[in-house]
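Notes to accompany the following structure.
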């Protein structure tokens, strides 16, 4: 380390700053004034210095202003996703038709889970910048004031005063650290990729959740329509039983049985109506909507039938599944952590430069000092902490690889399950539709026989129950097929 200092009784025009090793990086902010032996003296240009200072302050003020703005956001001024939204903000009114695409769009735009995942990406971007901070110089400065008043006396007190001002500016720059910072940057970039893939996975999950809720609401409404029709059938049956009893061709038992069946049908309708309310609330929640509104669903919504070839779908999942890609990025991050821990065994090479100016007000003496140099920094012994960090990094790497392998196996299992569910749903839909047609024909036949007295009310009730169950099975099968399709798309990471 070399030092050079000077004393001056004259107040210089401008404070002098010397940065010998890093001089080329500071032009045009300083321009060369004189060169004497081993000392380089620069005269700072006031305009440039003021410009740099103002820009730095403005940059900091902008960040602080944004932070204060985020703190002051409350109530309706909060962005969507950071508060509970209303149907009016969705532009969704009672009686409007909500398509599946609208529900997906609302969820992706306003659901809190999307905001959380997006902010995780922003945080990861900041961490990438922070990881590279060592590659950028650090500049610090200070201003100081010192004053004292001392007295001494053998008989009369004699006081002396001292007063002075000082200013300093220093720069530190890490020149080389044997790959430690580069490894840190690679790890931060891998974490950023993982955050981005997690965001993509959140998008897939949001779409899947909306589809499930949408189809379950459609199923609940369709089942409610079945129960409404069933109630009408039993009311008509009760009317016929009362009419036949009044004209002397029916029994009192038929009326009692018809009334009991109608009560059961009414109870089933109430249960179905409650299921609709719950399913609508679930869909509202998946869209990020806090309050309910009686919108209508689009009719006959159906997803495209996915390919049923396992090898093809698994290949697509390996390419598109965000969870797999995020875990792959985590493996890269863990490998970078190992590199960083190993590089921490080696020293850092750092360049420093500083200048200091001081003045003694009482004596009128001014001093100016400057220094520069290179340093090699190395921890000699840290109780095996660095070796332990390497072992921990290797452990994290193996854990990351194991998590990736486990997720790949889970994708295989999930893909087998959803394909099996899809096949069952396809076959079940065909069977349910055939059963509904057969039960409908049977009910019509028994009705005609009941009208002419060839069938009892018990036989008619059984036929009605069979038809209602068949219709319910058809509704369930149709929506089970749509849910199975949605499950396949979510498993392979396709929106």
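The values are calculated or read from the model by the stated rules, or taken from the named source; none is laboratory data. Since this is a predicted model, take the numbers as computed values, not measurements. Heads up, the Cβs are rebuilt from the backbone with ideal geometry, glycines too, and the neighbour counts pull from every protein chain shown.
Below are the figures for this structure:
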{"read-out": "Residues of region 295-307 that turn out to be part of a loop (DSSP other than H, G, I, E, B) and either at positive phi or touching a helix residue (DSSP H, G or I) at 6+ places or on another chain (Cβ under 6 Å) (or both), as a count", "value": "4"}
{"read-out": "Sole residue being at pLDDT 90 or above and in a helix (DSSP H, G or I), chosen from 386, 330", "value": "330"}
{"read-out": "Residue count, region 293-335 (criterion: buried (at least 18 other Cβ atoms within 10 Å of the Cβ) and touching a strand residue (DSSP E or B) at 6+ places or on another chain (Cβ under 8 Å))", "value": "2"}
{"read-out": "Flag if residue 322 is in contact with a helix residue (DSSP H, G or I) (Cβ under 7 Å, 6 or more places away or on another chain), at pLDDT 90 or above and more than 26 Å from residue 85 (Cβ to Cβ)", "value": "no"}
{"read-out": "Of residues in region 206-251 being surrounded by 22 or more Cβ atoms within 10 Å (Cβ to Cβ) and in contact with a strand residue (DSSP E or B) (Cβ under 9 Å, 6 or more places away or on another chain), the one nearest to residue 324 (Cα to Cα)", "value": "214"}
{"read-out": "Residue tally, condition touching a residue at least 60 places away in the same chain (Cβ under 8 Å) and out of contact with any helix residue (DSSP H, G or I) (no Cβ under 9 Å at 6 or more places or on another chain), over region 85-95", "value": "4"}
{"read-out": "Condition met for residue 170 (touching a residue at least 60 places away in the same chain (Cβ under 8 Å), part of a strand (DSSP E or B) and over 30 Å from residue 418 (Cβ atoms))", "value": "yes"}
{"read-out": "Of the criteria (1) more than 24 Å from residue 198 (Cα to Cα); (2) part of a helix (DSSP H, G or I); (3) under 29 Å from the mean Cα position of the chain (by Cα), which one residue 319 fails", "value": "(1)"}
{"read-out": "Filter result for the condition that a residue is in contact with a helix residue (DSSP H, G or I) (Cβ under 6 Å, 6 or more places away or on another chain) and in a helix (DSSP H, G or I), over 238, 243, 267", "value": "238"}
{"read-out": "Residue satisfying condition, being exposed (fewer than 12 other Cβ atoms within 10 Å of the Cβ) and either out of contact with any strand residue (DSSP E or B) (no Cβ under 6 Å at 6 or more places or on another chain) or in a strand (DSSP E or B) (or both), within set 345, 376, 368", "value": "376"}
{"read-out": "Qualifying residue in region 366-386 (condition: within 25 Å of residue 191 (Cα to Cα) and either touching a helix residue (DSSP H, G or I) at 6+ places or on another chain (Cβ under 8 Å) or in contact (Cβ under 8 Å) with a residue 40 or more places away in the chain (or both))", "value": "yes"}
{"read-out": "Residue 146 vs. criteria modelled with pLDDT under 90, surrounded by fewer than 14 Cβ atoms within 10 Å (Cβ to Cβ) and assigned to a helix (DSSP H, G or I)", "value": "no"}
{"read-out": "Residue identified as outside any helix (DSSP H, G or I) and either touching a helix residue (DSSP H, G or I) at 6+ places or on another chain (Cβ under 6 Å) or under 30 Å from residue 328 (Cα atoms) (or both) among 439, 455, 403", "value": "455"}
{"read-out": "Residue 397 touching a helix residue (DSSP H, G or I) at 6+ places or on another chain (Cβ under 8 Å) and closer than 24 Å to residue 331 by Cα", "value": "yes"}
{"read-out": "Any hit, region 66-80, residues being touching a helix residue (DSSP H, G or I) at 6+ places or on another chain (Cβ under 8 Å), in a strand (DSSP E or B) and at pLDDT below 90", "value": "no"}
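Quick grid of which residues meet (1) part of a helix (DSSP H, G or I); (2) free of Cβ contacts under 8 Å to residues at least 24 places away in the same chain; (3) under 30 Å from residue 369 (Cβ atoms); (4) touching a strand residue (DSSP E or B) at 6+ places or on another chain (Cβ under 8 Å):
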residue: 126; (1), (2), (3), (4): yes, yes, no, no
residue: 140; (1), (2), (3), (4): no, no, yes, yes
residue: 195; (1), (2), (3), (4): yes, no, no, no
residue: 204; (1), (2), (3), (4): yes, no, no, no
